[in-house]
Amino acid sequence: MEGEERNEMLVTPWEVRGKVDYERLIKEFGTQPITPTLLERIRRYTGELHIQLRRGIFFSHRDLDVVLDLYDKGVKFVLYTGRGPSGPVHIGHLIPWIFTRYLQEKFNTRLYFQMTDDEKFLVDDKLSLEDTRRFAYENALDLIALGFDPEKTFIIFDVKDIDVLYDIALEVAKRITYSTARATFGFQESTNIGWIFWPALQAAPCFIHAKLTGENVPALIPAAIDQDPYWRVTRDVATKIGYYKPAQIHCRFLPGLGPGGKMSASMPETSIFTTDPPNIVKRKIWNAFTGGRATVEEQRKLGGNPMMCTIFQYYVYLFEEDDAKLAERERRCKNGELLCGECKSDLAERVNRFLEEHRKKREKARDMLDKFYIKR
Ligand code: TRP
């Protein structure tokens, strides 16, 4: 059984399936774990560690130590992350963005954010360019709502802004062979040729800062680990074209509300979208898969299992910042004091409070959007 489960895991930029074994991903992708020593180095710059670092949600990296070595010597870095606008944003998408905003604030650095309306058009048969462009703008509102600094945040809408990417993408594309791309991304005979070129466009923002400002500094990319194949090919060409290799810091996926699997827009009943009204949020949370027992009596007697509970994970990722209170919740669950109903309604209330605030900021963002356009 265990063997079967292991084989089922699939993590690619286009599909994430099965129970994700993060230790195994570190080995297979050849990344580095985030060690206590590295955390201590970060803490020296940021003060108290962000919850996503304290709780191991960001768990793996490439060259974060190198970026910090350079930083110690006075070489700054820029942040780069992005979004494939294939639908509305759910709270799983917000996790790395919240962390990115924190890094922007603590390190006082620029963020380049890529909205890949071109990518999603190419890879998804059902989406038109008009769809992906519309989602790109709608999704940008969710990003801006998180409080990024308009002076230091540059959103690249690929189709509109292709001129800032294209020359860099060509330099990259010329140095990646078809056989490398096929091995890395699993292209088939039937794959359309737009998709085959496309990875060069995701590489381009890694180097855009040098082009825009003349300042050659490394990019640090906070993102979920499924994007790693892009960075593997990008890192191979970086030094050949005169830039630093982009560094990464990888996060886990926020689980969906069902049994197993990440939160995914293709499964709307187990995903919470930022635009979900309060009663829908309540219903989705109410139907969630928990670590609870079959009956109240059993639960009182035997306690629940927070480790396999999706609801508990939401407290861990975002909705209980206080470590002591989180530990207390865990203890009360395990010894049967806290029942699932109470834990779910607490969570629904917190999520709704968060989303209500988020939506207010999201509406304000409409008037601010043009401040975030990338300038040439
Ligand atoms: N390919 C990503 C997606 O489908 C979008 C993306 C572009 C991205 N550039 C990025 C994600 C940089 C993380 C970091 O979601």
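Ignoring ligands, DNA and RNA, what percent of the 1.4 Å accessible area of segment 148-227 is carbon and sulfur? If you can, show how the numbers build up before the last one.
Details: 1820 of 3380 Å².
Ligands and nucleic acids excluded, carbon and sulfur reach 54 percent.
What residue among 105, 28, 215 has the largest mean-square fluctuation in a Gaussian network model of the chain, using Cα springs under 10 Å?
Answer for the Gaussian network model of the chain: 28.
Add +1 for every Lys or Arg and -1 for every Asp or Glu among the other residues with Cβ under 11 Å from the Cβ of residue 309, and state the total. Mind showing how you got there, number by number?
Details: positive: 329, 334, 344; negative: 330.
So the surrounding residues net to +2.
Under a Cβ-Cβ cut-off of 9 Å, what is the net charge of the residues other than residue 159 that fall near it, where Lys and Arg count +1 and Asp and Glu count -1?
-2
Choose one of 373, 153, 224: the residue whose Cα lies farthest towards the positive end of the charge dipole of the chain (beta-carbon charges +1 Lys, Arg; -1 Asp, Glu; about the Cα centre).
Final value for the positive-end residue is 153.
Can you pull out the GluC sites (Glu not before Pro) in segment 107-199 that DSSP calls coil and that have at most 16 other Cβ atoms within 10 Å?
Those that pass, being in a loop and sparsely packed, are 151, 189.
How far apart, in nm, are the 7 Å Cα→Cβ label points at residue 197 and residue 162?
0.8
Can you give the helix-only mean residue ellipticity at 222 nm for the chain, where every DSSP H stretch with n ≥ 4 adds -39500 (n - 2.57) and the sum goes over all residues, rounded to the nearest 500 deg cm²/dmol? Mind showing how you got there, number by number?
Numbers: 19 runs with 186 residues, N = 376.
That comes out to -14500 deg cm²/dmol.
Please give every one of the aspartates and glutamates within straight-line cross-link reach of residue 174, meaning a C-alpha to C-alpha distance under 13 Å, and leave out same-chain neighbours fewer than 8 residues apart.
Cα-Cα hits under 13 Å: 236.
Each residue of segment 216-230 in order: what ³J(HN,Hα) in whole Hz does its phi give by Karplus 6.51 cos²θ - 1.76 cosθ + 1.60, θ = phi - 60°, with x for Gly and Pro?
These are the phi-based 3J(HN,Hα) values: 8, 10, x, 9, 10, 10, x, 6, 5, 6, 5, 7, 3, x, 4 Hz.
Gaussian network model of the chain, Cα springs within a sub-10 Å range: biggest mean-square fluctuation belongs to which of 303, 47, 194?
47
List, in the order given, every pair from 245/371; 106/211; 106/375; 325/361; 19/334; 160/282 whose Cα-Cα distance in the structure shown is over 31 Å.
Working: 245/371 29 Å; 106/211 25 Å; 106/375 24 Å; 325/361 28 Å; 19/334 23 Å; 160/282 38 Å.
Over 31 Å apart, Cα to Cα: 160/282.
Once the dipole of the chain is set up with Lys and Arg at +1 and Asp and Glu at -1 on Cβ about the Cα centre, which of 256, 38, 80 lies farthest towards its positive end?
My answer, from the dipole projection, is 38.
By the gyration tensor of its Cα atoms, with a ≥ b ≥ c the square roots of the eigenvalues, what is the shape of segment 2-253: rounded for a/c under 1.5, prolate for a/b over b/c, or oblate?
Values: a/c = 1.31, a/b = 1.14, b/c = 1.15.
Rounded, because the longest to shortest axis ratio a/c is under 1.5.
Starting from the Cα of residue 212, step 7 Å along the direction of its Cβ; do the same at residue 327; then give the gap between the two resulting points in nm.
That separation, rounded to one decimal, is 4.3 nm.
If amide hydrogens are placed 1.01 Å from N in the peptide plane, which non-local residues have theirs closer than 5 Å to the one on residue 114?
Long-range HN contacts for residue 114: 81, 82, 83, 156.
For the pair residue 275 and residue 106, how long in nm is the line joining their label points, each one 7 Å along Cα→Cβ?
If labels sit at residue 275 and residue 106, their model points lie 3.3 nm apart.
What is the extension gain from residue 152 to residue 305, computed as 0.36 nm multiplied by their sequence separation minus the C-alpha to C-alpha distance, in nm to one decimal? Walk me through the numbers before you get to the answer.
On the way: separation 153, 0.36 × 153 = 55.08 nm, distance 4.33 nm.
Net length gain for the segment: 50.7 nm.
If one takes the longest principal axis of the Cα atoms in the chain, at what angle in degrees, from 0 to 90 and to the nearest 10, does the Cα axis of helix 91-107 lie?
60
Rounding to the nearest 20 debye, state how big the charge dipole of the chain is about its Cα centre with +1 on each Lys and Arg Cβ and -1 on each Asp and Glu Cβ. If you can, show how the numbers build up before the last one.
On the way: 56 positive and 55 negative charges, 119 e Å.
That gives a dipole near 580 debye.
The values are calculated or read from the model by the stated rules, or taken from the named source; none is laboratory data. Since we're looking at a predicted model, the values are computed, not measured. Because the Cβ atoms are built from the backbone with ideal geometry, glycine has one as well, and the counts that use them run over all protein chains shown. We work out accessible area using only protein heavy atoms, side chains counted, and drop any ligands, DNA or RNA first. Shrake-Rupley method; radii C 1.70, N 1.55, O 1.52, S 1.80 Å.
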